[in-house]
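Undergrad: Structure in structure tokens, see below.
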Amino acid sequence: MAEHTERLGPQARHAVVDLLRRLETGEYLGAEEAETILGDMGEELASQVQRTSALVGRLRRRERELLALITSTHDLVDVHDPQAVLKRLVDRAHDLVGTEVTYMSLYDPDTDELFVRASRGTVSPRFPGLRVPTGVGIASRVVHTLSPQWVADYSETADFDRDPEIDLAVKDERLRSLLGVPVSADGEILGVLFAADRSARSFGGDEIALLSAFADQAALILRTARLFSTASEAAQRARKHAEEMAVAARVHERLTALVLSGHGPREVADTLAGALERPVAVVDRDHRPLASSPGAAERRWNDGRPLPEVVRAAERSRASGHCADVGAHGLATVAAVMAGPVFLGLVLVGESREPLTDLEQRTIERSAQILALLTMRRDALTEAEDRVRGELALDLLSGSTDTESLERRAKARGIELDRAWTVLALPVPDTRRHTVLRALSGGRGWLAAVQDGGVGVLIPGEGATDRAEEVRARAHQAEAGATTVVVGRAEGTAGLPEAMREAWECAALLPGLGAEEGVFSTEEYAPYLAMFGTDGERARRFAERLLGPVIAWDRDHGTDLIGTLLTYVDSGAGVTRTARTLFVHPNTVKQRLERLSELLGSDWRSSDALFRLGVAARLHVIGRKRPG
């Protein structure tokens, strides 16, 4: 066989080697160049060389493109931030395809819309974030067909729906030829990758295949980045939740320690405020402020009462057993302090830049439970102490002769028996006596006990007018009505029963005189008790019978002849002294006395009549007395 093979001459062999070398480098050889190299070896051979050269060129270009594609994929695999991945994908596609503009639109399956999220080569400010409505443009067609779509000249193509905003953006960029390929993985469309030029042209199969291959790789990379991002966010949430759990555990441990160590609402408010980094306040069952952390503004109460928004939120919290949003007056939420169905108070938490998390709300609710325990323990201790103090008060008022026991019990409570005492009698209806007694609990400056007429209070020491006003204020708030307090005095424990008896007698006298509210002294009204006993109605009738015409004149004419009469009596029936006391001219006093003569008769200035009129005038003034 070798004998029949025609061997090439040296010149021909040299031409073939040169041809193969040039083909190996990827140089494209046309027919004329092939003929020049091969000489007269034939036109058919030159044409074959031309076709082989073109094929080798395409293969080498394809090789470079695939190498660039693989390199890009490797570079992008380690990028986990979705937005950074988008930018890198567009940059790689731009370098790979070589068009003037490249951009990526992400697909929103909920609205069937696309949004431009990354671009390269764009100059128009309209392009970033451009919205593609459902069913509009090439992008929507790519999404719905899951296949590449292109136009050679956008301005002259009319076979798809248009949108004015998109047309304006394309016009600003001067784009004409566009190629869009789907970015999808496992049938899920993620977006559309576009390559575009500012001149009209068609896209070849190699370009479409290359961009489609890159888009397939981009879909996997983009979805992986999203998964990494989701996992990272989940891990971050888990870490944050773990940190919050640790903080909550420390808070719960601290709150538990507060219960065991006997602390109160102020320590709970400070602990909770430190954990939440928010102002915290605590109010009791009557909405009176108990404690507040620094920064807890007092504007949350209006005259000692919570604002309407707080009241409504408190009711919701009482019903649900959980926190209730306020969202007004600087308050974020409130939590009711409950012991079963019994309402004990409120925890109020201020607003901050961040909303409360579920764990923080559970911590607030746990704090409310801790406050309930503290409140119940405090109430139990207070009730036990008040019961002991009440029993001591009753024994002192009963005149018990067990001096040793009384002194031991009093000393345990820091009370000295051998001193002057002030007694208070508070007339209270039977149904409200224990309520008033509870309102007086915690007052370590006195002893209080329920008695037949209401509540009796014993205060060691003289000059207890201020304490009497405090007792009256507490009783008034609990009773929510007119409150009378009668003050008596005793020199030592032996005089307490008699002093309290006189106080109750005076309390029985006052209502008949019309005196229903205020602080009264038994010393001031002892003469009237001696004259009329506890029959206040009889004393009032006595005053009205003697002074009826004068009372009527003052009422009808807006004068105060009763006051002039009383001053005249106190001044020893002297006109000049009366005028000086009233800061008026003596003639004015004379005119008023003449008016009294007309109303009372000419003999009203006799010593006996003047005495009776003075008593009547004082009884009348008692009926008009009010607190302050």
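Undergrad: Which FRET efficiency value, to the nearest 0.05, is calculated for residue 491 and residue 598 with the Förster distance at 51 angstrom and r the Cβ-Cβ distance?
TA: E between residue 491 and residue 598, to the nearest 0.05, is 0.55.
Undergrad: Continuing with this model, one more query. Tell me, what HN-Hα J-couplings in whole Hz come from the Karplus equation 6.51 cos²θ - 1.76 cosθ + 1.60 at θ = phi - 60° for each residue of the range 575-583, using x for Gly and Pro?
TA: 5, 5, 5, 5, 4, 5, 5, 8, 6
Undergrad: For 150, 604, what ranking results if the residue with the fewest other Cβ atoms within 10 Å of its Cβ goes first? Provide the component values of the computation, followed by the final result.
TA: Working: 150 21, 604 17.
Final ranking by Cβ density, sparse to dense: 604, 150.
Undergrad: What FRET efficiency comes out for the pair residue 319/residue 388, r = Cβ-Cβ distance, R0 = 35 Å, nearest 0.05?
TA: In this case the efficiency is close to 0.40.
Undergrad: If you don't mind, another one. What length, rounded to one decimal in nm, is gained on full extension from residue 253 through to residue 123, with 0.36 nm per residue of separation minus their alpha-carbon distance? Please list the in-between numbers first.
TA: Values: separation 130, 0.36 × 130 = 46.80 nm, distance 6.03 nm.
Working it through step by step, the gained length comes to 40.8 nm.
Undergrad: Efficiency by 1/(1 + (r/R0)^6): what FRET value for residue 353 and residue 236, r their Cβ-Cβ distance, R0 = 22 Å, to the nearest 0.05?
TA: Computed FRET efficiency for residue 353 and residue 236 comes out at 0.70.
Undergrad: Right, another one. Sorting 583, 115 on the 10 Å Cβ count, fewest up front, what's the list?
TA: 583, 115
Undergrad: If each of residue 246 and residue 575 carries a label point 7 Å out from its Cα toward its Cβ, how far apart are those two points in nm?
TA: If labels sit at residue 246 and residue 575, their model points lie 9.5 nm apart.
Undergrad: Pull up all non-local amide H partners of residue 184: gap of 5 or more, or a different chain, and H-to-H distance under 5 Å with H placed in the peptide plane.
TA: 190, 219
Undergrad: Let me ask something additional. Quick one: length gained pulling residue 516 to residue 157 fully straight, 0.36 nm per residue minus the C-alpha distance? Write out the running numbers ahead of the final one.
TA: On the way: separation 359, 0.36 × 359 = 129.24 nm, distance 9.76 nm.
Gain on stretching residue 516 to residue 157: 119.5 nm.
Undergrad: Amide H to amide H, which residues 5 or more places from residue 177 or on other chains are under 5 Å from it, using H placed in the peptide plane?
TA: 154, 197, 199, 201
Undergrad: Further question: Got a sec to turn the phi values of the range 510-523 into Karplus ³J(HN,Hα) couplings, 6.51 cos²θ - 1.76 cosθ + 1.60 with θ = phi - 60°, whole Hz, x for Gly and Pro?
TA: 4, x, x, 7, x, 8, 10, 8, x, 10, 10, 10, 5, 5
Undergrad: If I stretch the segment between residue 413 and residue 95 completely, what's the gain in nm (0.36 nm per residue apart, minus their alpha carbon distance), one decimal?
TA: In short, 105.3 nm is gained.
Undergrad: Taking amide H positions as placed in the peptide plane 1.01 Å from N, state which residues far from residue 428 in sequence (5 or more) or on other chains have amide H under 5 Å from it.
TA: For residue 428, whose amide H was placed from the backbone, the distant partners under 5 Å are 454, 455.
Undergrad: Give me 104, 338 sorted ascending by neighbouring Cβ count inside 10 Å, so fewest comes first.
TA: Ascending number of Cβ neighbours within 10 Å: 338, 104.
Undergrad: Work through the residues other than residue 489 whose Cβ is under 10 Å from its Cβ and net out their charges, Lys, Arg +1 and Asp, Glu -1.
TA: -4
Read-outs: derived from the displayed coordinates by stated rules, not from any lab. Being a predicted model, the structure only gives us computed values, none of them experimental. Don't worry about glycine lacking a Cβ; one is built from the backbone with ideal geometry, like all the others, and counts go over all protein chains shown.
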